[in-house]
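Written out below as structure tokens is the structure these notes cover.
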Amino acid sequence: MNLTLRIWRQSGPDDPGRMVSYPVPDVSPDMSFLEMLDVLNERLTLDGEEPVAFDHDCREGICGACGMVINGVAHGPERATTACQLHMRHFSDGQTIDIEPWRARAFPVVKDLVVDRTAFDQIIAAGGYITAPAGSAPEAHAQLVRKSDADAAFESAACIGCGACVAACPNGSAMLFTAAKVTHLSLLPQGQPERSTRVVGMVDAHDAAGFGGCTNIGECTAVCPKGIPLTSIGRLNRDYLKATRDRDGAPGT
Amino acid sequence: MELFTHGEPIADTKAPDGPIETRWQRRRFGAKLVNPANRRKLTVIVVGTGLAGGSAAATLGELGYRVKSYCYQDSPRRAHSIAAQGGINAAKNYRNDGDSIQRLFYDTVKGGDFRSRESNVRRLAEVSVEIIDQAVAQGVPFAREYGGLLDTRSFGGAQVQRTFYARGQTGQQLLLGAYQALERQIGLGRVEMYSRHEMLELIVVDGRARGIVVRDLVSGEITTEYADAVVLASGGYGNVFYLSTNAKGCNVTATWRAHRKGALFANPCYTQIHPTCIPVSGDHQSKLTLMSESLRNDGRVWVPQRAGDDRPPREIPEDERDYFLERMYPSFGNLVPRDIASRAAKGVCDSGRGVGATGLGVYLDFADAIGRLGRSTIADRYGNLFEMYQRITGEDPYEVPMRIYPAVHYTMGGLWVDYDLESTIPGLFVIGEANFSDHGANRLGASALMQGLADGYFVLPSTIADYLSAGPFEPLTDDHPEVAAARNDVADRLARLLACNGDRTVDSFHRELGQIMWDHCGMERSDTGLRKALAEIRSLREQFWQRVRVPGDGEGLNQALEKAGRVADFFELAELMCVDALHRTESAGGHFRAESQTPDGEAQRDDDRFSYVAAWEFTGADRPPVLHKEDLDFEYVHPTQRSYK
Amino acid sequence: MAVTGILLVLFLIAHMLGNLKIFVGATSFDHYAHWLRTIGSPVLPDTWYLWIQRSVLGIALVAHIWSATVLARRARAARPVRYAHRPKVQGSYAARTMRWGGVIIALFVVYHLLDLTTGDLNPVGDPRRPYANVAADFAPERWYVTLFYVVAIVTLGFHLRHGMFSAFRSLGQQTPRGERRARAVALGFSVALCAGYLVVPFAVIAGLVR
């Protein structure tokens, strides 16, 4: 099939950027979306043009590197699917496809579709862990974990940190990402000692990074490739309210 | 010109002699320590943030060393360990089913087809137990039973249930555990993280590894970074085949640059081919996706009996199908080990009976299992895999059989290291898939995660102290001749790649190189094939340096330039792999040598001639490498020939 | 937002119940309106209670709008470059109209106060005869007033539907079952409230109230 792509081109952080149209003929329906961009880039390279920069790595939907807003939807039209796992059979011949980077102040554009998501790492560094230096761990069976808690923790831990939630949120909030980690760790007995400092530290880091506030809209969970539920934000709120009532020290101590 | 020359034998001098049960304990006691106050004066560079690198950087930070961590990804959390699905082995014996450290040790040596070092594997089995404790303490959400205990399963044909797992995402969950520990150290200021940075050269001064040359992939700036020791945890080199289950960015550059600086490269031809991957759909294919081999527990593998039979699978009657694994290996059937299943699939496709548009695929059929167990049971067991398959192929595996084909998955070879995980360059440590140490000629399922974390959390942090106790070493500056030379080499090389301005893209070369390697240095190798491959690789490499086109410049983000540098190194590695494969005229583990088979066509190992590690020394890009042999002694596990008939 | 929203919702309930007294008859309705001014008497002087309630509501309203403004400003700052392809609504429509909906409701409240509290914009405008004021407001020839009222109430319904769910969530509602329940309660409540408010103008148009 033949497609027209309108892609956001931005040579660097200081370039204002613009949408540029590229016809892409002979697209196979079996190609993944990124393979279709590979084909375009091969052609651009041979034509002496600059290929389109985009982040990608595992191409099997787990590393979280890829991400672009396709026709206004983060990761494109298929639900629970990352851009690398999206296949061209979901598009039709002659279609025009708009491709844009994640847009958020906390995710500045590096080049074209590549954005800087270091803010996510900073949120994790501010408390998204359980302090357990190597060598100090008790026997694994010393503490039992209810299966339902372990399963629910896993659901939240499945977050791949791609940033689609931020891209889709009308407020540019990263609350789903933050809440997924808070929920994962606060559901486990090992995560209890740091439960309060964790949530306060992470929310503070979230706000400091320039993300917007959550108004429970739900666009985030609709585009999340791993289906992280909106309920996790309720859990974060609950932990946060409790933690701000009885603070017991700064994160990381 | 000769393909290679022979050098002095090499030996691991760090592993203590005596009873194997206490070797690790005795090594730890015998090693020198660094007192806590001195640790903060010592800097360690860690390249790579996967299970090995992430856990090592976090642990070294916890111990109080100054750590600098590098990864090419935009975040340390994205290293390709994240894609491991199946699980992690540990000799906990929670099932009371006869497992023990000794048995895990035994199984791993045997699984490696007696081409790994006993001391290392024994230590791995011991440490496996601690890894599970560590991961649980970090909050890794392993699968649990209703009683709250950890669930385990049998994996890859093991007779004991020793594999811990977190659905099909064990690698992701373990990596996030290590990543979170790493981020904690970053937050505390003990680890400096440099993401989107790629190591392009090793700095060796006075015979010691003292730093690296890195390129900031965003600004294009080339800088030199110094340390008292360098740890490479940069993963495997499966992408030399272009199509593999590795991430697109996985590369050999860090280890290859170290090899060029003097580190021996061991067993480069040992690669693992995984039988259950989704087949290639066309020339546009950029990578392959693995599906857990647990699928073979219920799926039956078959092809049409008649070559060229292109009827839809459901229209091919039962008696015109060839269930070739069940036919060839009646006692193990569809559950034969990875290498055997892979080779058999390739064999039937080579005979023209492959299925799908490309003819490179065999059916994995669940119709019988669905009939016997019901659709919902199958959905419970494999629902997520079926969904993934349907997402990629557009076919519903409940209705039509899956198509599968083998793909390169893991590389057992890597930089040679001793018991301390130190390479032949003092101060250069190599951990995880990047080293060669523990898996021999074939890796057991669920052992890669175990090795990465064993190295990173427990082994390296102990052994590196012995080396660092002699430090801190003399401070270096950018004008030191060795440093300046390393830096200039990097700049020259990038400039050369950018200057070619030819008529072919990097990917077109990479794809062609991959095809040569897959055809001749993949599952089955032969003398003629490998010699042909060597000639083709050399001529393609020459073309590459004349005809490659790298758009843009070195300033700023240039993904084509990154790829070009990696492919250039793959060319050199590919040659060494073929030389290694050529010299090893035996079939062992994951690879089959056509000239070395039993009368009934099975792999024939040759312990008399090849019970050694082949450690290769680099002597120059166009000069033959030197082979150093490390003899392998088997005191505890006696070599036997595998049979799955 | 959640706390101030809850205060405002409580007022809306009381206000709706009061409105519905219109069906009991003119005397009763006017008496109710008068009684509002004497709550707390004789402990409190006339209309004191009313002014206390008005100030609490005023503060809640200001705080509500202030919080919303802070959130809106943060949201704008968080996305300095907008999408070229307008994002499709994947989640809830109600959630996406909170801000403009809020503005419409605020404008309506201003008009509503000038109309039925101060009487400035009311054709009758007699503070002692609220029943007549209401009946005059929704007379068929003044259809535009009715239309504005209906638009405002429907907007309020949307606002409440997401607002109530969101308040539960902000205060820590966190289970999937609870979420289903919270959504159902929010929807049911919003529909009931809309109906309760809309029945008055339609009754006037239908001639049930005159």
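Bear in mind that the values in this text are calculations on the coordinates, not laboratory data. Computed from a predicted structure; not experimentally measured.
Take the stretch A:3-111, drop everything but the C-alpha atoms, weight them equally and run the Debye formula without solvent; then report log10 I(q)/I(0) at 0.10, 0.13 Å⁻¹ to two decimals.
-0.27, -0.46
Once the Cα atoms of helix B:170-187 and of chain B are each reduced to a long axis, what angle between those two axes, in degrees from 0 to 90 to the nearest 10, is obtained?
20 degrees
For a quick check: with amide H placed at 1.01 Å from N, whose amide H comes under 5 Å from A:V20's, ignoring anything fewer than 5 positions away on the same chain?
A:I7, A:W8, A:R9
Give the cross-link partners of C:K88 among the aspartates and glutamates, using a straight C-alpha distance below 20 Å as the criterion and excluding same-chain residues fewer than 8 apart.
Counting by Cα, and skipping residues close in sequence, C:K88 has these aspartates and glutamates nearby: A:E78, A:D98, A:E100, A:E219.
Using a Gaussian network for chain C with springs between C-alpha atoms less than 10 Å apart, which of these wobbles most: C:A132, C:A60, C:A77?
Per the Cα network of chain C with a 10 Å cutoff, C:A77 tops the list.
For the stretch A:53-63, what does the Karplus curve 6.51 cos²θ - 1.76 cosθ + 1.60, with θ = phi - 60°, yield as ³J(HN,Hα) per residue in whole Hz, taken in order and with x for Gly and Pro?
7, 8, 7, 6, 8, 6, 6, 10, x, 10, 7
Over all distinct Cα pairs, what is the inverse of the mean 1/r for the protein assembly as shown, reported as the Kirkwood hydrodynamic radius in Å?
Computed over the protein assembly as shown, the radius equals 31.9 Å.
Quick query: amide H of A:G212 versus all other amide H atoms, modeled in the peptide plane; which residues come in under 5 Å with a sequence gap of 5 or more or a different chain?
A:S173, A:A174
Build a GNM of chain C with springs between Cα atoms under 10 Å: which of C:P42, C:P127, C:P87 gets the top mean-square fluctuation?
C:P87
Helix A:33-46 against the longest principal axis of chain A: what's the angle in degrees, Cα atoms only, rounded to the nearest 10?
Taking the Cα atoms of chain A, the angle to A:33-46 is about 50 degrees.
Name the lysines eligible as straight-distance cross-link partners of B:K32: C-alpha to C-alpha under 21 Å, and not fewer than 8 places from it in the same chain.
Output for B:K32: B:K14, B:K41.
Roughly what percent of Cα-Cα pairs across the stretch A:117-245 reach past 21 Å?
For the stretch A:117-245, the share of Cα pairs beyond 21 Å comes to 37 percent.
Report ³J(HN,Hα) in whole Hz for each residue of the stretch A:86-95, in order, from the Karplus equation J = 6.51 cos²θ - 1.76 cosθ + 1.60 where θ = phi - 60°; Gly and Pro get x.
Coupling constants for the stretch A:86-95: 7, 10, 6, 5, 8, 10, 10, 4, x, 6 Hz.
Return a whole-number percent for the relative contact order of chain B, with Cα pairs under 8 Å and 6 or more residues apart as the contact set.
Relative contact order of chain B: 21 percent.
Quick one: grab Rg to one decimal and Dmax as a whole number for the stretch B:51-186, Cα atoms only, in Å.
Using the Cα atoms of the stretch B:51-186, the pair Rg, Dmax is 15.8, 44 Å.
Looking at this model, which pairs from B:K346/B:K532; A:K111/A:K181; A:K226/B:K248; A:K181/B:K287; A:K147/A:K226 are more than 26 angstrom apart at the alpha-carbon?
A:K111/A:K181; A:K181/B:K287
Could you run the Karplus curve 6.51 cos²θ - 1.76 cosθ + 1.60 with θ = phi - 60° over the stretch C:182-192 and give me ³J(HN,Hα) per residue in whole Hz, x for Gly and Pro?
For the stretch C:182-192, the Karplus curve yields 4, 5, 5, 4, 4, 5, x, 5, 5, 5, 4 Hz.
Between the stretch C:17-70 and the stretch B:31-68, how many Å separate their Cα centres?
A separation of 68 Å, based on Cα centres.
So which lysines can B:K110 reach, going by Cα to Cα under 21 Å and dropping same-chain residues fewer than 8 places off?
B:K92, B:K629, B:K645
Under the rule of at least 5 residues apart or a separate chain, name every residue whose amide H is placed under 5 Å from the amide H of B:F429.
B:V230, B:V231, B:L232, B:S423
Quick check on the protein assembly as shown: of the DSSP beta bridges with both residues there, what percent are antiparallel, nearest 5%?
So the antiparallel bridges in the protein assembly as shown amount to around 70 percent.
So how tilted is helix A:147-157 from the main axis of chain A? Cα-based, degrees 0 to 90, rounded to 10.
Computed tilt is about 40 degrees.
Of A:L34, A:L187, A:L44, which is the most mobile in a GNM of chain A whose springs link Cα atoms less than 10 angstrom apart?
In this elastic network of chain A, the residue with the biggest mean-square fluctuation among A:L34, A:L187, A:L44 is A:L44.
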